[in-house]
Amino acid sequence: MLQFIRDAVITLAAVVLVTLALPKSPEYNNNIGYKHHYITHHASDIKTLIIGHSHFENGLNPHLLGDSAFNLASAGRPYYYDIEILREYLPLMPNVKTVLFPLRYCLSDRNFYKARFRQGLFEDYYYGWNMLPPPEYRAEFKRPCKFIPHYRKYQTDRLTADSLGYCPDFSIMALEQRDMSNWEQDDLEKVTGYLEEMAAICKKNQVRFVVLTTPHSNQFLARVTPEGMANLENTMLQVSNLCSVEYHNYMTDADYRSDSLYRDWSHLNSFGADIFTQRVKEDFGL
């Protein structure tokens, strides 16, 4: 018995020493954590809030919208987290006048939940925002213990956003690129419901809700159909029938036909983002 107690004490002491020897995990170590940190410390500074996924994180420059704009968008973010962020944090941001959201041609978010990376996605929002996954995924979520060191807490090279949350990309699309994923439209009803929730939250908080479909490359447009474009318009028409929302589709805009404005088939690079941001600023009086 004494031997067992002695071994237990030695083991406990070793665990304590190892824990004390580890560096303190940073307050934020990736874009998701930094953006949460920013809006919790600068909630009253923001007048234009940019949310959504990579089409805005890389494709909309908040610096050109003024110092009261912040880019809260994050690559690969499903609709669920944008809804939860708006629901919880928009009431705490008294000066926000406009929320900008990017609507993809792909009216689905199932690609964001692919099995190979959804555990990492769930961990990022669990650590960065203290948010659990969508209810349908919680049973499979291996919730990390926040009191035990976890490697994701120390991956400091994952922070690429600048001070206003923007992630510029200076690369130019390779002419031979033919990766044409993300053009399916198979969740129209679900996506419409998500947008209605976001619009309703903005309306409740007396905030203007602006939805944009960003410019896309000629390679992507080669796969676009008239029915697909009509689905975008009809989806937004259905949403606007319930809540006030402004929508504009820039996918085929003539000002964005040069491949030099894109980093891939559907994402603007920093050069394209600057031109597009100026256009959005003018079109919507931001």
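Before moving on, here are some points about what is shown:
- Using a cutoff of 8 angstrom between alpha carbon atoms and counting only pairs six or more residues apart, the relative contact order for the stretch 196-272 works out to 44 percent.
- Take 104-111, 217-224, 251-258 and order them by the average number of nearby Cβ atoms within 10 Å per residue, most first; the result is 104-111, 217-224, 251-258.
- Of Lys142/Lys203; Lys47/Lys114; Lys47/Lys204; Lys114/Lys204; Lys47/Lys190, pairs whose Cα-Cα distance is over 24 Å: Lys142/Lys203; Lys47/Lys114; Lys114/Lys204; Lys47/Lys190
- Computed over protein heavy atoms with a 1.4 Å probe, the accessible surface of the stretch 211-259 works out to 46 Å² per residue.
- Per-residue extension of 0.36 nm, minus the Cα-Cα distance of Lys204 and Phe141, leaves a gain of 19.5 nm for this segment.
- The label point for Arg87 and the one for Arg110, both projected 7 Å from the Cα toward the Cβ, are 2.3 nm apart.
- For the stretch 168-286, a crude dipole built from +1 on the beta carbon of Lys and Arg and -1 on the beta carbon of Asp and Glu, taken about the Cα centre, is about 340 debye to the nearest 20.
- Averaged over residues, the count of other Cβ atoms within 10 Å places the peptides 48-59, 198-209 in the sequence 48-59, 198-209, highest first.
- Cross-link reach is defined here as a Cα-Cα straight distance under 18 Å, omitting same-chain residues fewer than 8 places apart; for Lys281 the aspartates and glutamates meeting it are Glu57, Asp67, Glu246, Asp253, Asp255.
The values are calculated or read from the model by the stated rules, or taken from the named source; none is laboratory data. The structure presented is a predicted model; accordingly, all values stated were derived computationally and were not measured. So basically every Cβ, Gly included, is an ideal-geometry build from the backbone, and we count neighbours across all protein chains shown. Side chains are part of the model used for accessible areas, which takes the heavy atoms of the whole protein and leaves out ligands, DNA and RNA. Shrake-Rupley method; radii C 1.70, N 1.55, O 1.52, S 1.80 Å.
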